[in-house]
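The values are calculated or read from the model by the stated rules, or taken from the named source; none is laboratory data. Quick caveat, the model's predicted, so the values are computed rather than measured. All Cβ positions, glycine included, derive from the backbone under ideal geometry; neighbour counts span all protein chains shown. Heads up: the accessible areas ignore ligands, DNA and RNA and are worked out on the full protein's heavy atoms, side chains in. Shrake-Rupley method; radii C 1.70, N 1.55, O 1.52, S 1.80 Å.
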Amino acid sequence: MARNTLLQFNSLTNSLPPVDSRQRAKQFVQNLQDEICAALEQLDGEAKFQEDHWERTEGGEGRTRVIRDGRVFEQGGVNFSEVWGESLPPSILAQRPEAAGQPFFATGISMVLHPRNPYVPTVHLNYRYFEAGSIWWFGGGADLTPYYPFAEDAIHFHQTLKNACDAHHPAYYPAFKLWCDEYFYLRHRQEQRGIGGIFFDYQDGNGSLYVGSQSESLAAQYSQQVGSVPRTWEELFAFVQSCGNAFLPAYLPIAQKRESMNYGDRERNFQLYRRGRYAEFNLVYDRGTVFGLQTNGRTESILMSLPPLARWEYAYESEPGSPEAELTEVFLKPQDWANQAPESTLAQKRLQAQQLRFKFAHQLRDVYHQFFDELAQADLPDGEIAHLSQELLRSRQEGLKNLITVDELNRYSNLYPEDV
């Protein structure tokens, strides 16, 4: 066999998936679904996942698992699916026209969690594998959508995903982080959906890291600088497994740290308002939603990503200098989170200071309640009791003024209505 012919044959062989590719990809996402659901049930401590098994008339099946009304999770879903058919939907063929007319197979895991506490971020994960004739590719990623700015959470999430990427190629995280910032963007709002993570699609043996539609984007420019990165099916499958297995270490510590934090109506209403943005993205832009609906997937499973409650407010504006304003004006802007130190973010400092003031104000209440109890039990003339009561009230009011502003006092009253 001539040398050129041999090289061509070896290149073709390396680019083809193994004969058991479908079964291995399916088994991976099924196992990942099991592991994630078990860990989330343990974290919640009350609610359990309800599983619905479904079948697709055109070919395929899935396991939809939903958790709701829990201690930590208001609602969330972790879905597995495998579908096949005679042709891919238009949303896929627009990007991969060479797959036209080919029967296809697709399997994947898709997850969205909507926690109850506004300080616990919403999180999304999706990893998938496609085959269409001799054409194949992997796609997926994970991203975080916080409602309140905690720099240490964003840094931990990104660093964990970066470590998973770096174990396979140093260009993966920079390329797929930029692609994530590009993808999870509400163009009609000119807003990021969250603080990102990683996102990639159409990863096959051809060597391109960025296979998106925006040729002048930062992700595209970075990919062009890196150049071709040829990879085999086995190499990409190992990379996707590392990313999937990184989810629990990336998210659980954040949820565990935030799920018991006190919050009031203000935080809850802001969470619901930002959930509206989440719903807008999933209904307008999300590829998984479009693919599922175009392939006649199970609608309940496809739309489980939507939050159970959300709100829209006309021309909403956050209070200047508030954590809510800090989220949209500073925190959600694309940043190099993986290489930041937690103390470098102003939003984190401000929020920590405010939480300390609330804590001190709450403890001040307990101290003064003890004073009033002792005064009520003291054997003093009625006039003296009334005078001391007025002095105590005046002293407590001055103490609160020195701790928190009037606006914060109103917020504090929502957190601790018994103090009003």
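Let me know the shape class of segment 101-168, please: from the alpha-carbon gyration tensor, a ≥ b ≥ c as square roots of the eigenvalues, rounded when a/c is under 1.5, otherwise prolate if a/b is greater than b/c, or oblate.
oblate
For segment 85-204, give the percent of accessible area contributed by carbon and sulfur heavy atoms, probe 1.4 Å, rounded to a whole number.
Whole-percent figure for carbon plus sulfur exposure: 51.
Using only alpha carbon pairs under 8 Å that are at least six residues apart, calculate the relative contact order of the chain and give it in whole percent.
So the answer I get is 15 percent.
Roughly how much of Phe331 is accessible, in Å² to the nearest 10, using a 1.4 Å probe?
For Phe331, solvent-accessible area is about 0 Å².
Set the Förster distance to 41 Å, then compute FRET efficiency between Ser87 and Asn269 from the Cβ-Cβ distance, nearest 0.05.
On the way: r = 46 Å, r/R0 = 1.11.
Given R0 = 41 Å and the Cβ-Cβ separation, E is 0.35.
Pick from Gly212, Gly133, Gly141 the residue whose mean-square fluctuation is largest in a GNM of the chain, springs joining Cα atoms under 10 Å.
Gly133
How big is the accessible area of Asp265 in square angstrom, nearest 10, if you roll a 1.4 angstrom probe over the protein chains?
Spelled out: Asp265, probe radius 1.4 Å, area about 100 Å².
Given a 1.4 angstrom probe, what's the average accessible area per residue across segment 284-323, in square angstrom?
61
Would you work out the charge dipole size for segment 54-139 about its Cα centre, treating the Cβ of every Lys and Arg as +1 and the Cβ of every Asp and Glu as -1, and quote it to the nearest 20 debye?
Result for segment 54-139 is approximately 460 debye, rounded to the nearest 20.
Using +1 at the Cβ of each Lys and Arg and -1 at the Cβ of each Asp and Glu in the chain, identify which of Leu388, Gln221, Val367 lies farthest towards the dipole's positive end.
Gln221
Tell me the label-point distance for the pair Gln27, Glu216, using the 7 Å Cα-to-Cβ offset, in nm and rounded to one decimal.
Simple spin-label model gives 4.8 nm for this pair.
Taking the Cα centre as origin and putting +1 on Lys and Arg beta-carbons and -1 on Asp and Glu beta-carbons, what dipole magnitude results for the chain, to the nearest 20 debye?
1100
Tell me, what is the per residue accessible area of segment 170-214 in Å², probe radius 1.4 Å?
On the way: 1480 Å² over 45 residues.
Per-residue accessible area for segment 170-214 comes out at 33 Å².
With a probe of 1.4 Å, find how much accessible area segment 14-65 has per residue, and write the answer as a whole number in Å².
Accessible area per residue: 53 Å².
Calculate for the chain the 222 nm mean residue ellipticity that helices alone would give, adding -39,500 (n - 2.57) per DSSP H run of length 4 or more and normalising by residue count, nearest 500 deg cm²/dmol.
The helix-only estimate for the chain comes to -15500 deg cm²/dmol at 222 nm.
Rounded, prolate or oblate, given the Cα gyration tensor of segment 25-180, with a/c below 1.5 counting as rounded? Please list the in-between numbers first.
Details: a/c = 2.31, a/b = 1.31, b/c = 1.76.
Since a/c reaches 1.5 but b/c is at least a/b, the shape of segment 25-180 is classed as oblate.
Can you run phi through the Karplus equation (6.51, -1.76, 1.60; θ = phi - 60°) for segment 135-142 and list ³J(HN,Hα) in whole Hz, with x for Gly and Pro?
Here the 3J(HN,Hα) series is 9, 8, 6, 10, x, x, x, 8 Hz.
Length gain on complete extension for the stretch Ser260 to Glu152, per 0.36 nm per residue less the alpha carbon to alpha carbon distance?
Here the answer is 37.2 nm.
For the chain, set up a GNM with springs between Cα atoms under 10 Å and report which of Asn296, Asn282, Asn402 has the largest fluctuation.
For the chain, modelled as a Gaussian network with Cα springs under 10 Å, the answer is Asn402.
Within segment 381-400, list the residues whose amide N lies under 13 Å from a label point set 7 Å along Cα→Cβ of Leu364.
Taking a point 7 Å out along Cα→Cβ of Leu364, the residues of segment 381-400 whose backbone N falls under 13 Å are 393-400.
Shape call for segment 159-220 from the C-alpha gyration tensor, a ≥ b ≥ c root eigenvalues: rounded (a/c under 1.5), prolate (a/b greater than b/c) or oblate?
oblate
Hey, any idea what Rg/Rh is for segment 177-273, computing Rh the Kirkwood way over Cα pairs? Don't skip to the answer; put the middle values down first.
On the way: Rg = 17.7 Å, Rh = 16.3 Å.
Checking Rg against Rh, the ratio lands at 1.09.
In whole angstrom, how far apart do the alpha carbon centroids of segment 253-328 and segment 14-87 sit?
The two parts, judged by their Cα centres, are 22 Å apart.
Calculated FRET efficiency, Gln42 and Glu98, Cβ-Cβ r, R0 51 Å, to nearest 0.05?
0.70
Which percent of the accessible heavy-atom area of segment 42-81 goes to carbon and sulfur, probe 1.4 angstrom?
Answer for segment 42-81 is 35 percent, counting heavy atoms of protein chains only.
Using the Cα centre of segment 110-221 as the reference point, and only Cβ charges (+1 on K/R, -1 on D/E), how large is the resulting charge dipole? Debye, rounded to the nearest 20.
260
Among Leu93, Ile254, Pro170, which residue has its Cα positioned farthest towards the positive end of the charge dipole of the chain, with +1 placed on the Cβ of Lys and Arg, -1 on the Cβ of Asp and Glu, and the dipole taken about the Cα centre?
Leu93
Which entry in (1) -0.31; (2) -0.51; (3) -0.41 is this structure's computed log10 I(q)/I(0) by the Debye sum over Cα atoms at q = 0.07 Å⁻¹?
(3)
Which helices pass in the chain if a helix is a full DSSP H run, must span at least 27 angstrom along its long axis by Cα, and must have mean Kyte-Doolittle hydropathy not below -0.5?
none
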